[in-house]
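In what follows, a structure is listed as structure tokens, so that the remarks can point back to it.
We did not get these values from a lab; they are worked out from the coordinates using the rules stated. Fair warning: this is a prediction, and the values are worked out from it, not measured in the lab. Note that each Cβ is placed from the backbone with ideal geometry, even for glycine, and that neighbours are counted across all protein chains shown.
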Amino acid sequence: MLEQPEHRDLLGRKVEVGDFVAFPQSNTIYIGRVLKLNRQMLRVQRVMKSKWMADEVNKYSKDCVLLPHRDMDFYLLKVASK
């Protein structure tokens with residue numbers, strides 16, 4: 001059985017599947033949810049969809065910042081109401 005790799009964000013906090021992270025892409029900061037822990041990178045799905053960019057990207061964990069779930073609940077409710 002394969003071991004799950006351990007990833008840490010920019011601040012040294014452990015990142016798990018299902019966590020929300022902020023990450024850079026093309027001079028912009030996006031919010032996404034971690035879908036998968038690869039050996040060296042995280043597979044992240046963006047929360048806000050765009051027809052110009054891919055919804056899923058691979059990012060190094062040191063380039064991401066973990067976001068608290070309680071804050072993300074309010075953000076997702078705000079986005080859904082638009």
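Got a number for residues in segment 72-82 being of a type outside the set (A, V, I, L, M) and loosely packed, with under 11 Cβ neighbours inside 10 Å?
Adding up the residues that qualify gives 4.
Yes/no matrix, rows are residues, columns are (1) without any contact (Cβ under 8 Å) to a residue 24 or more places away in the chain; (2) out of contact with any Ser or Thr (no Cβ under 7 Å at 6 or more places or on another chain); (3) at positive phi:
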site: 8; (1), (2), (3): no, no, no
site: 11; (1), (2), (3): no, yes, no
site: 28; (1), (2), (3): yes, yes, no
site: 37; (1), (2), (3): no, yes, no
site: 54; (1), (2), (3): yes, yes, no
site: 64; (1), (2), (3): no, yes, no
site: 79; (1), (2), (3): no, yes, no
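Out of the residues in segment 26-82 that are assigned to a loop (DSSP other than H, G, I, E, B) and small (Gly, Ala, Ser), which is nearest to residue 13 (Cα to Cα)?
The qualifying residue nearest to residue 13 (Cα to Cα) is 26.
Quick check on my filter: what residues within segment 1-45 are of a type in the set (D, E, K, R), touching a helix residue (DSSP H, G or I) at 6+ places or on another chain (Cβ under 7 Å) and farther than 23 Å from residue 73 by Cβ?
Result: 8, single match.
So residue 64 clears everything in (1) of a type in the set (A, V, I, L, M, F, W, C); (2) more than 15 Å from the chain's Cα centre (by Cα); (3) surrounded by 13 or more Cβ atoms within 10 Å (Cβ to Cβ) except one condition, right? Which one?
Looking at each condition in turn, residue 64 falls short on (2).
Just the residues that are without any contact (Cβ under 8 Å) to a residue 12 or more places away in the chain and among the aromatic types (Phe, Trp, Tyr), please, taken from segment 66-77.
74
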